[in-house]
Amino acid sequence: MAQKKIDKIAVQNFKFFAKKKVISVLGKHLLLYGENGSGKSSIYWALYTLLEAANKEDEKQIKKYFDYKNDERLLNINLKQDDDNTPESFVKVDILDSEDSYEVSNSKTEINKNSLAKESNLSSDFINYRHLLSLYNFAHRDEINLFVFFRYAILPYDKFSPLNIYKDGKSINSQSAIEIINYIISGPPKIEEEEGVSVYPTKSTNKPYHQSFEKTVKQSLKQLEDLITYLNTEGNPILQNDLGYNITFNLSVEYSKEYKISKNSYHSPEIKILLTLPDYEGKTHQVKKPHSFLNEAKLTAVALAIRLAVLKRTLSKDSTDSLKLLVLDDLMISLDMSNRERIMKLILNKYVNQYQVFILTHDRSLFYDTLQHIKQHYTELALLKGITSEKDIDVFINKNWTIKEMYQAVHRNGYPIPFITEHKSHIQKAYYYFKEHIDFKACANNLRSALESYFRDDFFPYIYLKDTDGNPLKAKDLTLGKLLEKAKSFYDQIGFDKKPLVKLERFTLRSLNPQSHYNPKSTFYRKELEDVFQIYKVLKDSVNTPLILTDTNLVFDIHTTDSNKYTYTIKLLDHIRIYRDINDLVFDIQDNDRRGYGFISISTNGNQPRMFKGQWSNLTLFELYKNTTDKVNCNLKKDAIVETDVRKIFRTENGKSIQNIIDEFKVNYSN
C-alpha cells in the first residue's frame, strides 16, 4: 500500500484556533508563512499533540489537553470554556484517498488503540529551532550532557527491541524507547507483601520480579548505547557530506550512578549522554568546549545531524504504510543564506521522497527563500521529465506543494482568529490591486517585487548573482535598479534587444519608486503601471531557461592526427541555458555564455579513465574545448584536430549531444 498522506487538518477550540478551521493540503507538502501571532505554531502543536496521543496508554494523559479544568489544557483562551454552547476542542486529520482519519479530543481518545497511529507517531518528527537550541544551554564550565534533550527530542521517535516493563499495573512488552527509559528512571512498581505493605522488589522480597527488572535495566541501557553508536556512525556523514561541515562529533553514554533498590526506596541510574568534538577541520582533540567554541550555525548543524540520523534509523525499522510526517517550524530562522541552502537541498533531495514535509515560518524572507528553492528544484525535475513550458512547470510544482499564508484577523466578537489563504505571487497581487481592489501604490510595490524576483530567480545565470569572490550577492545588491544594470549587461552579452530594459529603467524612478505615490488613484500612474505590466509580459515571453542542469556530467573527445583519442569527462558548475529573444523564433544556446566546470576524468583510446580534480571558471564551452586541445598539443606533444561546433562536440554520459537536447527541447516546448 502507498504511504499515508494528510488530506485535511481540522482544528477547533485549540490554542489560537477558536472556531473550527479546516486546512486542505491534499496529500502535498506544505510551505506556510504565518505572521507573528497568527496561530502558525498552533498548527505545529495540534499535529504534535494528535500523534503524541497515540502513544499515551492512559486516556487521562490525553484528556488533560482538552479539559478546561486541567492546568495543562491547550484550549482557546478567548472562549468561555464552562459554557455549554462552547464548541468542543479537537484536532483531526483526514487521510488522502481513504476513509481513515485520526482524531483526538476530550471525548475521543481511541487513537491510543490504533496501531497504525502509533507507528505514525514513531515514523514522524517535529523539529523547531527551540529543539536545536539545546546545545547552547550550557555554561562554559559545564560538560554537554544531552540526556534531557534525548528524553524529549530523540527517544520518543525511536524503537528498541521489545522489553518487558510494568505499566499501569500490567506487564507489557514495549518497543518505545522513551517508555522503556522512563521505566528504568522511575523504577518498578511496588508489590504488596502478605502484611499488606507495598515494597519494591528485591532479591529477598520477590527474586523473580527483581531479576526481571534487573534484566530490563541491562538490556535497555545496552540498547541506548547501540542507539548512540548508530547516531555517531550515521550522523557524522550527514554533518559532513550533506550539511558540508568538516567536523566530527562523538556521543557517549556514561553512568555516574548505578541504580539502587531496597524494600522502601529506589534510586534511578544517573545517565549522561555526552557530546564532544574529536575532530574539528582536521585538528584532533583541540575543541574542549564545543558549546563555547562553535558558532550558532555549526551547533545547529550538529544538533540537526543527530535528529536526521534518528529519522534514518526510524525509517530503517518501519515497513508499514503509516503516515510519515516531518514538520519543521522555523528550523532555519537563525541561519545565513549558505546554511539555509544546504538544509533546503537536503530536504528537497532526500526527505520529500520519504516524508510529507510541512515547513512553517514566521519570517517573510525565509518564506520566499524557501519558496524559491522549491521552485528551482522542481523546475529542474520538470525539465528532466521533458516539461518545458512555464505553465506546465507551475502545474508540476503545484502537484507537489501547497503554499499558504496565515494572518491574524478579528472575530466579530473582538478576539483574534487565524486567517489562512492560498499564497499569491507578487505579480498576482499586483494584478489584484490593479484590477479588483484599486490601490496603485500596493500594485506598484508588488510589481517592483515581481520584477526583482524574476530577475533574481529566473533571469540570470548564477555567475551574475555572485561577487568577485564567488559568494552570493548581498540583499543591497539585488534591488531593481542594480538588477537592471546587470540585466542590460547580460542582454549585451547574449545579443538580446535591450529596449524593454531601458524603458523599464525609466519607470524605476516614477511609478516603481515606493516614495513617489502621492496620488494612488491617478490616471497617470494607471497608464505607467499598464506599461510596466506589458514590459513584464515581454520579458517573460522571451525564453531564458536551463537546458542542461548544474552538476550534469558532459563528455567530449579530442582526436589527434596520429589516430589517438582523448576522452574528457567534466561537470557543469552552472546551467547551460537555452534562449529565444522576443524578436526571434529560434531557440538556441549562446556561444558566449560563460560558466564554471569541474574536471572528473580523462581516458586514452577507451582505456580505464584516470580520475583527477580541478576547476576552470568563467569560460565558454568553446574556450574550455580550445584550452584542452592546446594542452594536448603542448603537454602531450600531439597535433589535435580542432572541431568548431560545440553543440556536437559535447555530449551527456548517455550519448546525447547538446544539439540533440536542443532539438528535443524545441519539440517539447511546441507541444
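The values are calculated or read from the model by the stated rules, or taken from the named source; none is laboratory data. Computed from a prediction, not measured in an experiment: that's the story for all the values here. Note that each Cβ is placed from the backbone with ideal geometry, even for glycine, and that neighbours are counted across all protein chains shown. Accessible surface is based on the protein model in full, side chains and every heavy atom, while ligands, DNA and RNA are left aside. Shrake-Rupley method; radii C 1.70, N 1.55, O 1.52, S 1.80 Å.
Within segment 66-110, the trypsin sites (Lys or Arg not before Pro) that combine a DSSP coil assignment with at most 14 other C-beta atoms in a 10 angstrom radius are Lys69, Lys80.
Per residue, the accessible area of segment 498-650 comes to 52 Å², computed with a 1.4 Å probe over protein heavy atoms only. In this view, the solvent-accessible surface of Arg313, computed with a 1.4 Å probe and all protein chains in place, comes to about 20 Å².
Given segment 97-174, what count of lysine pairs have C-alpha atoms under 18 Å apart, with each pair 8 or more places apart or on different chains? Qualifying lysine pairs in segment 97-174: 7.
Computed 3J(HN,Hα) for segment 64-73, one whole-Hz value per residue from the Karplus formula 6.51 cos²θ - 1.76 cosθ + 1.60 where θ = phi - 60°, is 4, 6, 10, 9, 5, 8, 8, 5, 9, 4, glycine and proline marked x.
Relative contact order for segment 463-514 using alpha-carbon pairs under 8 Å, separation at least 6, rounded to a whole percent? Across segment 463-514, relative contact order equals 24 percent.
Surface composition of the chain: carbon and sulfur atoms hold 47% of the protein heavy-atom accessible area at a 1.4 Å probe.
Couplings 3J(HN,Hα) for segment 46-51, derived from phi with the Karplus relation 6.51 cos²θ - 1.76 cosθ + 1.60 (θ = phi - 60°), are 5, 5, 4, 4, 4, 6 Hz, where x marks Gly and Pro.
Normalising the average separation of contacting C-alpha pairs (under 8 angstrom, six or more residues apart) by the number of residues puts the relative contact order of segment 196-337 at 20 percent. Accessible area per residue for segment 149-194, computed on protein heavy atoms with a 1.4 Å probe, is 45 Å². Surface analysis of segment 295-343 yields an accessible area of 30 Å² per residue, using protein heavy atoms and a 1.4 Å probe.
Compare the Cα positions of Thr552, Thr49, Asn471 along the charge dipole of the chain (+1 at Cβ of Lys, Arg; -1 at Cβ of Asp, Glu; about the Cα centre) and return the one farthest towards the positive end. Result: Asn471, furthest along the dipole toward the positive end. For the residue pairs Lys222/Lys260; Lys4/Lys571; Lys272/Lys350; Lys8/Lys63; Lys375/Lys537, the C-alpha atoms sit more than 27 angstrom apart in Lys4/Lys571; Lys272/Lys350. For Lys56, the aspartates and glutamates whose Cα comes closer than 19 Å to its Cα, not counting residues fewer than 8 places off in the same chain, are Asp67, Asp71, Glu72, Glu103, Glu110, Glu119, Asp125, Asp158, Asp168, Glu179. Summing Cβ point charges (Lys, Arg +1; Asp, Glu -1) relative to the Cα centre of segment 360-459 gives a dipole of roughly 280 debye.
Extension gain for the segment Leu619 to Thr561, taken as residue separation times 0.36 nm less the Cα-Cα distance, is 18.3 nm to one decimal.
Centroid-to-centroid, using Cα positions, segment 256-276 and segment 24-92 are 36 Å apart. Working note: Karplus 6.51/-1.76/1.60 with θ = phi - 60° gives segment 19-28 the couplings 7, 4, 10, 10, 10, 8, 10, 6, x, 8 Hz, where Gly and Pro are set to x. Normalised by the number of residues in segment 236-318, the average gap of Cα pairs under 8 Å and 6 or more apart makes the relative contact order 26 percent.
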